[in-house]
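Asker: Encoded as structure tokens, here's the structure I'll be asking about.
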Amino acid sequence: MGYVIAMAGKGGTGKTTIAALIVRLIKEKKLGSILAVDADPNSNFGEALGVVPQKSIGTILDEISKHPDKIPSGMSKDRFIEYEVQTAIAEGEGFDVLTMGRPEGPGCYCYVNNALRAVMDKLIKDYDYIVIDNEAGLEHLSRRTARSADAMVVVSGLSAVGLKAAKRISELAREIDIKIKKRFLILNLCTNDLEPDKLKDLNFDYLGCIPDDKEIGLISLNGQSLMSLNEKAKSLVVLGKIGEKILQRG
């Protein structure tokens, strides 16, 4: 059974960047097969990893909705969707990428979530690690794109608003009964560490602070992959040190 790491956090915290660096750490540590799932309709997880899938679950469902005659005789719609999603998985160097996307047609967006959940239930068995980059904010939790996770990693900035959002994400996960074994908080783009008194009510295992890294800014500006980030880059070095707990099974 795969080990699921679900990323969460409000917009602008660098959640996707941290998710991509976690994929890189798993790859470099040779911990096993990896599936990176872009569950954010504003898809850019694949780009951060240097892989741009040709199809998404959203485009697949749009195509089936427009051309139901493409479903082979004797095959159910759900089975055909599962087959199409399998073909949409893009191969990177040492990891695969699956993009949720957003349907363009008038169909119900919740159907995309249901399709992703059904596929994820099966894919989790095929990979050692699954890193899910969820939509910013709280909506992805209320839609229950991920029904369970071995580790939830909330990325926040060092601000009262960001920390309140992190706490709310954790509370919402409990309210709607998403089963999460471990809850971690990472601060990103900060120069000062978090004062201990601000942690007591957050109910997270606080891992530490990722410093602002100009190298990541340059990579983003040039449209490059975070896989090209120098191995001595301070953000990657710090995450490698503080992120051990995230990758530990059990």
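The values are calculated or read from the model by the stated rules, or taken from the named source; none is laboratory data. In this text, all values refer to a predicted model and were calculated from it rather than measured experimentally. Here the Cβ is made from the backbone with ideal geometry for all residues, glycine too, and neighbour counts use every protein chain on show.
Asker: List pairs: first in segment 231-242 and touching a residue at least 60 places away in the same chain (Cβ under 8 Å), second among the basic types (K, R) and buried (at least 18 other Cβ atoms within 10 Å of the Cβ), Cβ under 8 Å, 6+ apart or cross-chain?
Answerer: Going by the 8 Å Cβ cut-off, the qualifying pairs are L236/R24.
Asker: Among (1) modelled with pLDDT of 90 or more; (2) part of a loop (DSSP other than H, G, I, E, B), there is one condition A20 misses while meeting the rest; what is its number?
Answerer: All conditions are met except number (2).
Asker: If you take the residues in segment 156-191 that are in contact with a Leu (Cβ under 9 Å, 6 or more places away or on another chain) and of a type in the set (S, T, Y), which one is farthest from D205 (Cα to Cα)?
Answerer: Across segment 156-191, the extreme among qualifying residues is T191.
Asker: Taking into account only those residues within segment 210-250 that are among the polar types (S, T, N, Q) and in contact with a Gly (Cβ under 8 Å, 6 or more places away or on another chain), which is surrounded by the fewest Cβ atoms within 10 Å (Cβ to Cβ)?
Answerer: Only one residue fits best here, namely S228.
Asker: Still on this structure, please answer the following. Among the residues of segment 197-207 satisfying the criterion of being under 19 Å from G243 (Cα atoms) and surrounded by fewer than 16 Cβ atoms within 10 Å (Cβ to Cβ), which is modelled with the highest pLDDT?
Answerer: Checking each candidate, the answer is D205.
Asker: Follow-up. Within segment 33-58, which residues are at pLDDT 95 or above and in a loop (DSSP other than H, G, I, E, B)?
Answerer: If the condition is that a residue be at pLDDT 95 or above and in a loop (DSSP other than H, G, I, E, B), then S33 is the only one that fits.
Asker: Continuing with the same structure: Among the residues of segment 56-75, write down those that are surrounded by 10 or more Cβ atoms within 10 Å (Cβ to Cβ) and small (G, A, S).
Answerer: Within segment 56-75, S56, G58, S65 meet the criteria.
Asker: Residue pairs, Cβ under 7 Å, 6 or more apart or interchain, first in segment 147-165 and under 23 Å from A39 (Cβ atoms) and modelled with pLDDT of 80 or more, second surrounded by fewer than 18 Cβ atoms within 10 Å (Cβ to Cβ) and among the basic types (K, R). List them.
Answerer: D150/K181; D150/K182; A151/K181; A151/K182
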